[in-house]
Amino acid sequence: MDSIYVTGGRPLKGQIHIAGAKNAALTLMPATLLSDEPLTLTNAPRLSDIRTMSVLLQSLGAEVQPLQGGQVLALSSHGLNSTRADYEIVRKMRASNLVLGPLLAREGHAVVSLPGGCAIGARPMDIHITALEALGAKIELKDGYLHADAPKGLKGAVVPLRFASVGATENLLMAATLAKGTTVIENAAREPEIVDLAACLVAMGAQISGAGTSRIEVQGVDRLHGATHRVVTDRIELGTYMLAPVIAGGEVECLGGRRDLVASFADKLEEAGVDIVQTAAGLLVRRNGERPRAVDVVTEPYPGFPTDLQAQMMAMLCTAEGTSVLEERIFENRFMHAPELIRMGAQIEVHGGHATVHGVKRLRAAPVMATDLRASVSLILAALAAEGETHVSRVYHLDRGYEHVEDKLGAVGAAIERVKGE
Ligand code: UD1
């Protein structure tokens, strides 16, 4: 397993290119299952989660060809030969469950293992199941697998979700494109990745309105055709690198960044005293001199503050002036980074879904361990401001969601190095 070493205290200056969104790509890729014509995705991120989804799709008989170093993915499902998503692949990544809706819609049958993924709470599948059952599917749980059947095809319905789950909205949206009649998703998730999925499905011939609002309407069609689609910018990678100069000092322009993708997060940074400027090429973030101020954060479904930026925000607040309270409302058990940050001298108290952070002037380097994807990057961010050399071990989580983090931060002046196989 690789490790990353960071020597803190160097201000940053320069530009960082923000990749296409992992979470968008992970739902756009299974969309290929809906059609027997090719789907081409451009601006794809180069991440191990994308490779896991490729392996899963290939295990179903789909073709996945990475082109241009992986930035383009050429997908085709004309030769599907399986409807079973095996535990050995699914356990590596929860987003594997996104093959359920499209397989069911196209093949009338799917067997999908219950997922694993980040250890950040229970993460059940009940909303996905209830939603697909509302379209007429019969779903049973046997031996850790969901067995889903719709032999006569799916039928449109009005489907209220008990919570605006991102994955359930995506599964239902994909399934509804080939269902008979009209489906209305009420309390749909509104994340930019949903809007991106809908745009891709429309390019494939689907009839969808309302994506990005809480009410999505889908008019089922008989078949979808091929398309080429550009993956939206990764707002979580964007937010992560926006925090780097806030923590280390200096200024970084995040190329491809758009404020509308991270509005609630950007508002919080400004409240903390950070300068953010939308430039022609992206978002410029600046902190010269003064420490950022403490701010309170509550994670919520989009357009609220994203849970996937909570750990990174906490890393920043560790050295802010004053006391901040972070409330995690999406996932229980998502403060695993707190004990690691405490090892670096942070003053944090966790009580259930709340963390209180008393800002200190400086963190100190320590050996720390990455526990999940966003937690691992939060430790690297914290290390940018720590005194001495921080050793972050078990960074394989990081490679699930961040391409070449050491190159991107190194290029703007951070002292960061990856050591292989440590
Ligand atoms: C997606 C993102 C993930 C992000 C999360 C919330 C992908 C690949 N992953 O995950 O990075 O952190 O959105 O923004 O896009 N829940 C249920 N029952 C269900 C489904 C979900 O109770 O059937 C609960 C979960 O346990 C969790 C909450 O709903 O507490 C949010 O989950 P959801 O929005 O479904 O997240 P994911 O789609 O898994």
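The values are calculated or read from the model by the stated rules, or taken from the named source; none is laboratory data. These figures come from a predicted structure and were not determined experimentally. Quick reminder, even Gly has a Cβ in these numbers, built from the backbone with ideal geometry, and neighbours come from all protein chains shown. Remember, those area values only see protein heavy atoms, side chains included, never the ligands or the DNA or RNA. Shrake-Rupley method; radii C 1.70, N 1.55, O 1.52, S 1.80 Å.
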* **Whole-Hz couplings from phi, Karplus 6.51/-1.76/1.60, listed for segment 36-41; x for Gly and Pro** => 8, 9, x, 10, 10, 10
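From the helices alone, meaning DSSP H stretches of at least four residues, give me the mean residue ellipticity at 222 nm for the chain, per-run term -39500 (n - 2.57), in deg cm²/dmol to the nearest 500.
Numbers: 14 runs with 127 residues, N = 422.
Rounded to the nearest 500, the figure is -8500 deg cm²/dmol.
Does segment 249-319 come out rounded, prolate or oblate by the C-alpha gyration tensor, with a ≥ b ≥ c the root eigenvalues, rounded set by a/c under 1.5 and, if not, prolate when a/b is larger than b/c and oblate if not? Intermediate results must be reported in sequence, preceding the final value.
Working: a/c = 2.00, a/b = 1.08, b/c = 1.84.
It comes out oblate by the Cα gyration axes.
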* Structure fact -> Applied in sequence order to segment 100-107, the curve 6.51 cos²θ - 1.76 cosθ + 1.60 (Karplus, θ = phi - 60°) yields integer Hz couplings, x standing for Gly and Pro, of 4, x, x, 4, 4, 5, 8, 9
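Could you work out what % of the accessible surface of segment 287-369 is carbon and sulfur, using a 1.4 angstrom probe and leaving DNA, RNA and ligands out of the count?
Details: 1790 of 3590 Å².
The C+S portion of the solvent-accessible surface of segment 287-369 is 50 percent.
Need the full-extension length gain, Asp126 to Ser214, defined as separation in residues times 0.36 nm minus the C-alpha distance. One decimal, nm.
Working: separation 88, 0.36 × 88 = 31.68 nm, distance 1.92 nm.
Using 0.36 nm per residue and subtracting the Cα-Cα distance, I get 29.8 nm.
How many percent of DSSP beta bridges within the chain run antiparallel, rounded to 5? Intermediate values should be presented prior to the final figure.
Numbers: 56 of 82 bridges.
If we restrict to bridges inside the chain, about 70 percent are antiparallel.
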* ³J(HN,Hα), Karplus 6.51/-1.76/1.60, whole Hz, each residue of segment 237-244, x for Gly, Pro -> 4, 4, x, 4, 6, 5, 6, 4
* List every residue whose amide H lies under 5 Å from the amide H of Lys180, counting only residues 5 or more places away in sequence or on a different chain, with H placed 1.01 Å from N in the peptide plane. => Leu154, Lys155, Gly156
* How would you rank 47-55, 256-264, 68-76, 138-146, highest first, on the average number of other Cβ atoms within 10 Å across their residues? -> 47-55, 256-264, 68-76, 138-146
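For segment 224-265, which whole-number percentage of the solvent-accessible area (1.4 Å probe, protein heavy atoms only) is attributable to carbon and sulfur atoms? Intermediate results must be reported in sequence, preceding the final value.
Details: 510 of 1020 Å².
Carbon with sulfur: 50 percent of the solvent-accessible area.
Under 8 Å for C-alpha pairs, at least 6 residues apart: give me the relative contact order for the chain, rounded to a whole percent.
On the way: 1083 pairs, mean separation 89.6, N = 422.
Taking the mean separation of contacting Cα pairs over the length of the chain, I get 21 percent.
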* To do: Assuming a ≥ b ≥ c are the square roots of the Cα gyration tensor eigenvalues, decide whether segment 22-229 counts as rounded (a/c under 1.5), prolate (otherwise, with a/b larger than b/c) or oblate.
  => rounded
* Along the Cα-to-C-beta direction of Ala203, a point sits 7 Å from the Cα; which residues of segment 27-54 have their amide N less than 20 Å from that point? -> 27-47, 50-51, 53-54
* Asked: In whole Å, how far is the Cα centre of segment 1-68 from that of segment 337-399?
  -> 26 Å
* Structure fact -> Note to self: with every protein chain in place and a 1.4 Å probe, the chain gives an accessible area per residue in Å² of 37 Å²
* To do: May I ask you to order 339-349, 245-255 by the average number of other C-beta atoms within 10 Å around their residues, highest value first?
  => 245-255, 339-349
* Structure fact -> Between the modelled labels at His147 and Glu417 (7 Å from Cα along Cα→Cβ) the distance in nm is 5.6 nm
* To do: Using a cut-off of under 17 Å, list every residue of segment 8-41 whose amide N is near the label point 7 Å from the Cα of Asn288 along the Cα-to-beta-carbon line.
  => 11-15
* **Theoretical FRET efficiency, 1/(1+(r/R0)^6), r = Cβ-Cβ of Asp267 and Glu321, R0 22 Å, to 0.05** => 0.75
* Structure fact -> Ranked output for segments 378-385, 77-84 by mean other Cβ atoms within 10 Å, highest leading, reads 378-385, 77-84
